[in-house]
Amino acid sequence: MDPASQDTGPSLYNRARLSAEVRIANERAQALPAGPDDLSRPPRAVPGCPACLTLAERREVARAECDRSAEADVNVLLRRHLREEHCP
């Protein structure tokens, strides 16, 4: 059988469609802020909150020092703060 005569259309279409769906899901996930109970990504500090800013700065210092334990500890503290102070 001649390889040029094989129908590759649906296969290419399915791969392109899957790629587009993954890209859309990734864009949506990045656009939504992580909630305090979302453990899949680091929590985000609330702009204008001094406590959030302090914790975010502590996390950056821990990252710069490659201290993953301290970084995880700050993430826990930031999630707790977000839950207690910024969630309805």
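Data overview
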{"read-out": "Leading residue by the ranking (nearest to GLY48 (Cα to Cα)) among those in region 76-88 that are open to solvent by 100 Å² or more (accessible area, probe 1.4 Å) and part of a helix (DSSP H, G or I)", "value": "GLU85"}
{"read-out": "Scope region 51-67; condition among the aliphatic types (A, V, I, L, M) and without any contact (Cβ under 8 Å) to a residue 12 or more places away in the chain; matching residues", "value": "LEU53, VAL61, ALA64"}
{"read-out": "Which listed residue is acidic (Asp, Glu) and outside any helix (DSSP H, G or I), from ASP73, ASP37", "value": "ASP37"}
{"read-out": "Any hit, region 54-65, residues being surrounded by 13 or more Cβ atoms within 10 Å (Cβ to Cβ), outside any helix (DSSP H, G or I) and modelled with pLDDT of 95 or more", "value": "no"}
{"read-out": "Residue within region 9-18 that is open to solvent by less than 90 Å² (accessible area, probe 1.4 Å), at pLDDT below 70 and of a type outside the set (Val, Ile, Thr) present", "value": "yes"}
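The values are calculated or read from the model by the stated rules, or taken from the named source; none is laboratory data. This structure is a prediction, so every number in the text was calculated from the model and none was measured. All Cβ positions, even for glycine, are placed from backbone atoms using ideal geometry, and neighbour counts span all protein chains on display. Remember, those area values only see protein heavy atoms, side chains included, never the ligands or the DNA or RNA. Shrake-Rupley method; radii C 1.70, N 1.55, O 1.52, S 1.80 Å.
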